[in-house]
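The values are calculated or read from the model by the stated rules, or taken from the named source; none is laboratory data. Treat the numbers as computed from the prediction; the structure is a model and nothing was measured. Cβ: placed from backbone, ideal geometry, glycine included. Neighbour counts: every protein chain shown.
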Amino acid sequence: MITLTDINFSYEKNRQALHNVSCTFAENSFSVIVGASGCGKSTLLRLLAGLEEPTSGALIMPPALSTFSTFSTGFVFQDPTLLAWRNVYDNIALPLKIKGLDKTSRHTRTQEALALVGLAERADAHPRELSGGMKMRVSLARALASRPRLLLMDEPFAALDEHTRFRLEDDLRNLQQTLNCTIIFVTHSVAQAAYLGERVLVMGASETNDETGDETGGSIKHILNPPAHQQDWRHNPAFHAACATISAALAEVEAA
Amino acid sequence: MRYLLPLPIGLCVLALWEAAVHYWQVPRFLLPPPSAIAVALIDNLPLLMAGLWTTLNITLIAFACAVISGVGFATLFTRARFIELAFAPYLVALQVTPVVAIAPLILIWVGFDNINRALIIIAWIIAFFPITASSIQGLRSTNRDLHDMMTLAGAKWWQRLLYLEYPAALPAILAGAKTSGGLALIGAVMAEFVAGSGTSTGLAWRIIEAGNRLEIATMFAALIVLSLLGIVFFYTLSFIEWLLLRRWHDSFQ
Ligand SMILES: Nc1ncnc2c1ncn2[C@@H]1O[C@H](COP(=O)(O)OP(=O)(O)O)[C@@H](O)[C@H]1O
Ligand SMILES: [Mg+2]
């Protein structure tokens, strides 16, 4: 269990990005954080990844996943963030090399990750030879190659076309069931949140005090549990009802 | 085939030149015809080749020094904001000072008995700025997410430099290297001009010497060898650039 208690975070003085964020993430759960742009979603992920330290509050990681110096945390950015000069294989293997794995285990893990995302045939391609969806798969494979216990994803499919996005969403759901890892997925898309999440955390935007100009950061306002998938889920009325519930929660948060 | 395309133009110009010199009977010491230049080129070939060898050496050594010191300095410069702030004015001063003006000083300090070393230092200073400026710009332009990715992988500072910053800066470094390569040659020639008579044996000195004796055809011959050196040098650097970037950089689709 990852536990956050009253986390506050500011990049600059008087401009808070996160305000009293408290929540938990159970092991092997799939949580989606949804919220308007600028409400602090990325910031929250950066804190979870250990890229930033909270200004105040407690962030407690289970010992198995504490700090990024271990192998435990994978991060997928909004852009594929591949190294253009390395081919697919070498992009995936680089973090393993940096972490000091020997050549044989690097090879095993890279092949394994390539197979997981269905790109075994394109190992020799350079990023510019790949489509947007494929690049995102490589980026995911790079995170998976470290066999993370915690996978953080920051709007990873936002730039993809709908068809590709649907395929990747389904792949990700299937992966999660086989991988046994905790996924925290950030998005601004209500439909994506409803489709992916076992649990959806709705974040409220930061507020500016008109007199002082100080900003109070975003925080988690609602936690919803969309129903489990049923047949033909994308076209199922129950799915649309789940989307409506999340939309209503977001609208309420925005209006506040 | 497309590399032969410039050839007819060159031949036409040479033919017109030859015809014009004969038609108006231009004196040889003002403008020799191409045929006389060709003769001078062949007659003076051993001397010109020796000059080429000297100038080539000075240029290449100065260029290598400029690349190593430029990339090294750019690396240091981009490590911390305070280093940047501390060094920036001196870098600008180096850029705006005409190095010709300090060339005599360098000659005096290094001494005329070490003339080649002095020439290398002058050419080096001239070639230093473009490669440094490009490298700084290249090293700065790495994407923040990529840096975060390296941090999450637990990269040490040298791994970040080796696996991310240098490769990302490579296109800019190579572009700077091409400019610096040209300047190293210009610097070598200019330094020889400043050093003056009897001290050096490079191509520039052949030009001065031929000029003093009003052997204009020889002067042109030396000039041709010098241009050829510049052209070969430039295309070699372009070729290296192509080899290193063709697989991944957008400029080679
Ligand atoms: N590196 C940064 N420096 C200063 N302010 C930042 C930085 N990154 C984000 N912010 C600010 O923090 C707030 C939350 O940003 P972010 O976490 O990126 O939101 P989201 O991902 O939900 O769009 C915004 O007001 C943004 O302007
Ligand atoms: Mg964001």
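Within region A:180-198, being closer than 22 Å to A:ALA49 by Cα, aliphatic (A, V, I, L, M) and away from ligand 1 (no atom under 14 Å from the Cβ) holds for A:ILE183, A:LEU196.
The residues of region B:61-87 that are outside any helix (DSSP H, G or I) and modelled with pLDDT of 90 or more, listed by number, are B:THR78, B:ARG79. Taking region B:114-179 as the region of interest, the helices (runs of 4 or more DSSP H) fully inside it that hold 1 or more residues being surrounded by fewer than 21 Cβ atoms within 10 Å (Cβ to Cβ) and within 14 Å of chain A (Cβ to nearest Cβ) are B:144-153, B:157-160.
For every residue, the table says whether it meets (1) at pLDDT below 95; (2) of a type outside the set (A, V, I, L, M, F, W, C); (3) in a helix (DSSP H, G or I); (4) crowded, with 19+ Cβ neighbours inside 10 Å.
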residue	(1), (2), (3), (4)
B:PRO46	yes, yes, yes, no
B:GLY51	yes, yes, yes, yes
B:THR59	no, yes, yes, yes
B:PRO89	yes, yes, yes, no
B:ILE102	yes, no, yes, no
B:TRP109	yes, no, yes, no
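Taken together, A:GLU52, A:GLU121, A:GLU112 contain a single residue that is within 16 Å of ligand 2 (Cβ to nearest atom) and modelled with pLDDT under 95, which is A:GLU52.
Within region A:1-48, the set of residues being farther than 15 Å from A:VAL202 by Cα, of a type in the set (Gly, Ala, Ser) and out of contact with any strand residue (DSSP E or B) (no Cβ under 7 Å at 6 or more places or on another chain) comprises A:ALA26 only.
Flag not set for A:GLY50, criterion: surrounded by fewer than 20 Cβ atoms within 10 Å (Cβ to Cβ) and away from chain B (no Cβ under 14 Å).
Scanning region B:1-53 for residues that are closer than 28 Å to B:GLU192 by Cβ and of a type in the set (Asp, Glu) yields one hit, B:ASP43. With respect to the conditions (1) more than 26 Å from B:LEU203 (Cα to Cα); (2) in contact (Cβ under 8 Å) with a residue 12 or more places away in the chain, B:LEU85 lacks only one, and its number is (2).
Remark: pairs (first residue in region B:235-253, within 14 Å of chain A (Cβ to nearest Cβ) and free of Cβ contacts under 8 Å to residues at least 60 places away in the same chain; second residue in a helix (DSSP H, G or I) and surrounded by 10 or more Cβ atoms within 10 Å (Cβ to Cβ); Cβ separation under 7 Å; 6+ apart in sequence or on different chains) = B:TRP248/A:ARG128; B:PHE252/B:TRP242; B:PHE252/B:LEU245.
The C-beta contact set for region A:39-53 (first residue on the phi > 0 side of the Ramachandran plot, second residue small (Gly, Ala, Ser), distance under 6 angstrom, 6+ apart or interchain) comprises A:GLY40/A:ALA17; A:GLY40/A:GLY217; A:GLY40/A:GLY218.
Taking the condition assigned to a helix (DSSP H, G or I) and surrounded by 12 or more Cβ atoms within 10 Å (Cβ to Cβ), does B:ALA15 pass? No. So is B:ALA195 surrounded by fewer than 21 Cβ atoms within 10 Å (Cβ to Cβ), out of contact with any His (no Cβ under 8 Å at 6 or more places or on another chain) and within 30 Å of B:ILE102 (Cα to Cα) or not? Against the criterion (surrounded by fewer than 21 Cβ atoms within 10 Å (Cβ to Cβ), out of contact with any His (no Cβ under 8 Å at 6 or more places or on another chain) and within 30 Å of B:ILE102 (Cα to Cα)), B:ALA195 does not qualify. For region B:181-236, the set of residues classified as of a type in the set (S, T, N, Q), within 25 Å of B:ASP43 (Cα to Cα) and in a helix (DSSP H, G or I) consists of B:ASN212, B:THR218, B:SER227, listed by residue number. Here A:ARG86 clears all of (1) over 20 Å from A:PRO148 (Cβ atoms); (2) in contact with a strand residue (DSSP E or B) (Cβ under 6 Å, 6 or more places away or on another chain); (3) within 14 Å of chain B (Cβ to nearest Cβ) except the condition numbered (2).
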